[in-house]
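One structure below.
Rule-based calculations on the coordinates, nothing more; no lab input. As the structure is a prediction and not an experimental result, all values here were calculated from the model. Cβ placement follows ideal geometry from the backbone for every residue including glycine, while neighbour counts extend to all protein chains displayed.
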Amino acid sequence: MLTYQIALSFFSIAVLLALAPGPDNLFVLMQSAMWGKAAGMAVVLGLCTGLIGHTLAVAVGLAAIFATSVTAFTALKLIGATYLIYLAWGA
């Protein structure tokens, strides 16, 4: 059972981590400073869309499939690597 003290500690640390600037926050700030508010908002929407996609994938059990299936995880890694090569080629 989750006690009040553990829940309060977890919530406090989660809030501090959420407020700490990380790569996402710095990326939004950089794009906003370079290209303006609209570009910053586009980046925020893109990041939030990714978070929603990952949350939905976990909710439907895809994380469990990738954790238990070596074949599925290898295929996911290869697809990711191919996509990164495609992005690098375009840059």
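The simple spin-label model puts a point 7 Å past each Cα toward its Cβ; for Ile6 and Asn25 those points are separated by 2.8 nm.
Just to be sure I understand the rule: take each whole DSSP H helix in the chain, project its Cα atoms onto its long axis, keep it if the span is 27 Å or more and its mean Kyte-Doolittle hydropathy is at least 1.0. Which ones pass? Before the final figure, lay out the partial values.
On the way: long enough: 37-59 (33 Å, 1.55); 70-90 (30 Å, 1.34).
Sorted by number, the helices that extend far enough and score high enough are 37-59, 70-90.
The structure shown yields Kirkwood radius over Cα pairs in Å, and of the options [x] 12.8; [y] 16.6; [z] 15.0 that calculated value carries the label [y].
Estimated from helices alone, the mean residue ellipticity of the chain at 222 nm is -29000 deg cm²/dmol (sum of -39500 (n - 2.57) over DSSP H runs with n ≥ 4, per residue).
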